[in-house]
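Q: One structure is given below, represented as structure tokens, and several questions about it will come after.
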Amino acid sequence: MTLVRNTAQSGKSSLLAGNRNWYLATSVCYALAAWFSTGFYHFDEHFQILEFTAYLWGVTPATELPWEFSARMRPWLQAFLLQPSQPLGPHAAVLIVRLIMGQLYLLLLFRWLQATRTDVAPLSDSYIRFGMVLWFLPMLAVRYSSEMFSSLLLLSFCLLFLKQLKHHWDWLLLGITAALCFWSRFQLGVFLFFPLLHQLIANRISIKTLILLVGFAVTCMLMLVLDASAYGYLVFTPWHYFEQNILAGKTSNYGEDPPWAYLKWLLMKPTPFVGIPLILGFVLYAERYFRQPLIQGCVAFVLIHFFIAHKELRFLFPMLPFAPLFIWYCFSNLKMNKSRVKTFGIFNLVLLPLSLQPLHPLEDFSRQLLAGNQVQLLGETRPDVLAGGLKTHFFFPPDVTFTTATQRLRFYDRVGPLQRAISEGCQLRYSSHLWHGLQVQLEILKDSTRVWGLVECTE
């Protein structure tokens with residue numbers, strides 16, 4: 001069972017050589033996802049990281065940051081990592097960080113798939129190849145969100161945990177990585193509890209465990225220093241996060257869902273063709289290998305989210321590295337032959353272009369504006385609608401204002417009014433839909449369809 005320890009080093013070079021061309025093609029796919037999948041998956045990706053970065057740049061005032069800033073509950077590690085990129089400009093900075101995220105995630109994922117390949121024999125070849133390009137992975141892997149940043153760190157932690165920790169440096173690195181995992185996404189403390197407890201029990205009080213604990217503690221103290229430098233005084237962000245979201249129940253203000261909501265989303269959002277083997281494989285794998293610490297952590301992490309009232313599928317994204325493992329374990333248990341798995345691979349490749357589409361239009365929309373532009377809002381009552389109810393500063397040039405007064409630049413949020421403006425002679429500057437013009441001609445987009453667009457009209 002490779003999730004205990006991966007001691008077999010033989011064959012790794014041949015595996016890498018045999019998959020080199022596939023890996024290179026996949027790396028291009030991840031790079032394309034970084035280029036095309038602009039915007040963000042969820043508002044937190046922008047406001048809890050990019051706007052916090054803009055605060056460090058001196059661009060966003062503290063009064064216009066989300067309420068989490070005054071509640072002192074958000075860690076600042078990701079914002080500080082992005083801070084040195086200010087001379088590049090916001091668009092270049094975000095593109096570069098997405099490119100880096102995607103390539104690092106792919107590299108670690110490839111090693112993870114190699115380390116766990118024997119669990120899905122005899123389908124290990126297709127597991128390694130298609131595990132890297134599950135159709136939703138490239139788009140999610142390039143996201144600089146807390147969910148995916150923590151997933152990247154968790155991949156590093158799991159790979160270290162599977163190593164034979166021969167040197168003191170390995171134990172120190174394991175403690176540092178565990179602390180970074182926790183500080184990037186506090187909920188991962190539920191996952192980390194089990195493998196860390198396993199190490200402490202297996203090695204008892206020894207120099208190894210002391211080094212691990214020192215690495216964890218020192219890294220946490222450094223994170224405290226980072227948070228204190230941003231908030232202006234010492235603050236323990238994990239406690240404030242727990243206090244606001246759990247004790248005060250702030251998360252419930254964003255909606256509540258029944259426990260089975262995750263099952264519905266896991267089944268439907270990646271498509272049932274992927275969702276069914278994912279859920280079934282999770283159950284089968286957990287049943288057989290529950291005594292393994294990483295699986296205990298994974299199960300605990302998933303189950304604890306079932307009992308939290310506010311639910312979003314992105315909360316489970318830190319566990320994404322396990323998705324290929326569960327899917328192919330289901331295939332291997334159902335004795336699926338290689339031709340059927342090949343059919344799955346073809347279906348997956350057909351869906352893969354969905355990872356190469358723009359997400360929220362804020363980033364692309366901002367490229368159309370120059371310093372001092374005034375934009376007339378039509379169909380919306382709030383000038384901050386593109387920012388989800390908050391004013392954004394990270395992408396927009398200085399002094400850009402939104403107004404209801406008549407302006408040459410006009411912003412529409414429905415395809416019908418947008419098309420009427422174009423038919424009256426206004427020039428389309430930006431549409432949030434990549435194939436907007438073609439779909440209008442084919443009458444796929446109806447009059448009420450939400451398509452954000454900017455047109456330029458004559459005075």
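Read-outs: derived from the displayed coordinates by stated rules, not from any lab. Every value quoted in this text rests on a predicted model; they were computed, and no experiment measured them. FYI the Cβ positions are ideal-geometry reconstructions off the backbone, even for glycines, and counts take in every protein chain you see.
Q: Give, in whole angstrom and from largest to smallest, the semi-axes √(5λ) of the equivalent ellipsoid of region 65-132, with λ running over the eigenvalues of the Cα gyration tensor.
A: Details: eigenvalues 266, 58, 15 Å².
Working through the eigenvalues yields semi-axes of 36, 17, 9 Å.
Q: Give me the number: length gained by fully extending Thr63 to Ala300, i.e. 0.36 nm times residue separation minus the C-alpha to C-alpha distance, one decimal in nm. Write out the running numbers ahead of the final one.
A: Working: separation 237, 0.36 × 237 = 85.32 nm, distance 3.77 nm.
My answer for the length gained is 81.5 nm.
Q: Quick one: Debye curve from the C-alpha atoms of region 298-366, no solvent, what's log10 I(q)/I(0) at q = 0.16, 0.18, 0.25 Å⁻¹?
A: For the requested q values the scattering log ratios are -0.86, -0.96, -1.08.
Q: Further, regarding this structure: I need the P(r) histogram for region 51-178: all alpha carbon pairs, bin width 10 Å from 0 out to the longest distance, whole percents.
A: Cα pair-distance distribution for region 51-178, in percent: 11, 31, 31, 19, 7, 1.
Q: So, one more: To the nearest 20 debye, what is the magnitude of the charge dipole of the chain about its Cα centre, counting +1 on the Cβ of each Lys and Arg and -1 on the Cβ of each Asp and Glu? Walk me through the numbers on the way to the answer.
A: Numbers: 36 positive and 26 negative charges, 369 e Å.
In total the dipole reaches around 1780 debye.
Q: Distance between the C-alpha centers of region 250-323 and region 68-128? Whole Å please.
A: 20 Å
Q: At 0.36 nm per residue, minus the direct Cα-Cα distance, what do Ala121 and Thr404 gain on full extension? Give it in nm, one decimal, please.
A: Values: separation 283, 0.36 × 283 = 101.88 nm, distance 6.24 nm.
Computed gain between Ala121 and Thr404 is 95.6 nm.
Q: So what's the back-of-envelope 222 nm ellipticity for the chain, counting only DSSP H runs of four-plus at -39500 (n - 2.57) apiece and dividing by all residues, rounded to 500? Before the final figure, lay out each step's value.
A: Details: 21 runs with 245 residues, N = 459.
Taking each H run of at least 4 residues, the total per residue is -16500 deg cm²/dmol.
Q: Could I get the Rg over Rh figure for region 140-211? Both from C-alpha atoms, Rh via Kirkwood, rounded to two places. Display every interim value, and only then the final one.
A: Details: Rg = 12.7 Å, Rh = 12.7 Å.
Rg/Rh for region 140-211 comes to 1.00.
Q: Less than 14 Å Cβ to Cβ from Phe273, Lys/Arg counted +1 and Asp/Glu -1: what total charge do the surrounding residues give?
A: Details: positive: Lys269, Arg340, Lys342; negative: none.
That sum, taken over residues with Cβ under 14 Å, equals +3.
Q: Can I ask one more? The chain: D in µm²/s via Stokes-Einstein (Kirkwood Rh, Cα pairs, 25 °C, 0.890 mPa s)?
A: Numbers: Rh = 24.0 Å.
Stokes-Einstein gives a translational diffusion coefficient of 102 µm²/s.
Q: By what distance, in whole Å, do the Cα atoms of region 107-245 stretch along each of the three principal axes, largest value first?
A: Result, largest extent first: 54, 39, 23 Å.
Q: Please work out the C-alpha center-to-center distance from region 166-201 to region 358-406 and express it in whole Å.
A: Here the two parts' Cα centres lie 42 Å apart.
Q: Once R0 is set to 30 Å, what does the formula 1/(1 + (r/R0)^6) return for the Cβ-Cβ distance between Ile207 and Ser229, expressed as a FRET efficiency to the nearest 0.05? Intermediate values should be presented prior to the final figure.
A: Values: r = 33 Å, r/R0 = 1.10.
Working from the Cβ atoms, E equals 0.35.
Q: Go through region 93-106 residue by residue and turn each phi into a ³J(HN,Hα) via Karplus (6.51, -1.76, 1.60, θ = phi - 60°); whole Hz please, and just put x for glycine and proline.
A: Result, rounded to whole Hz: 4, 5, 4, 5, 5, 5, 4, 5, 4, x, 5, 5, 5, 4.
Q: Can you list which of the chymotrypsin sites (Phe, Trp or Tyr not before Pro) found in region 250-319 are DSSP loop residues with at most 15 other C-beta atoms within 10 Å?
A: Values: sites: Tyr254, Trp260, Tyr262, Trp265, Phe273, Phe282, Tyr285, Tyr289, Phe290, Phe301, Phe306, Phe307, Phe315; in loops: Trp260, Phe290, Phe307.
Loop-located and lightly packed - Trp260, Phe290, Phe307.
Q: Mind listing which trypsin sites (Lys or Arg not before Pro) in region 394-430 are in a DSSP loop and have 16 or fewer other Cβ atoms within 10 Å?
A: Details: sites: Arg408, Arg410, Arg414, Arg420, Arg429; in loops: Arg408, Arg414.
Sparse-neighbourhood loop trypsin sites (Lys or Arg not before Pro): Arg408.
Q: With viscosity set to 1.567 mPa s at 4 °C, what whole-number translational diffusion coefficient in µm²/s follows for region 17-115 from Stokes-Einstein and a Kirkwood radius over Cα pairs?
A: Values: Rh = 15.3 Å.
The calculation lands on 85 µm²/s.
Q: Can you give me the Kirkwood hydrodynamic radius for region 362-456, using every pair of distinct Cα atoms, in Å to one decimal?
A: Hydrodynamic radius (Kirkwood, Cα pairs) of region 362-456 is 13.6 Å.
Q: Of all alpha-carbon pairs in region 98-158, indicate the percentage at a distance above 18 angstrom.
A: On the way: 608 of 1830 pairs.
Across region 98-158, Cα pairs with separations above 18 Å total 33 percent.
Q: Place a point 7 Å from the Cα of Asp447 along the Cα-to-Cβ direction; which residues of region 406-428 have their backbone N under 17 Å from it?
A: Those under the cut-off are 413-424.
Q: Semi-axes, largest first, in whole Å: what does sqrt of 5 times each Cα gyration tensor eigenvalue give for region 284-415?
A: Working: eigenvalues 432, 86, 28 Å².
Largest first, region 284-415 gives 46, 21, 12 Å.
Q: Report the extension gain between Arg340 and Leu390 in nm, rounded to one decimal, defined as 0.36 nm multiplied by the number of residues separating them, less their alpha carbon distance.
A: Numbers: separation 50, 0.36 × 50 = 18.00 nm, distance 4.81 nm.
Extra length from Arg340 to Leu390 when fully extended: 13.2 nm.
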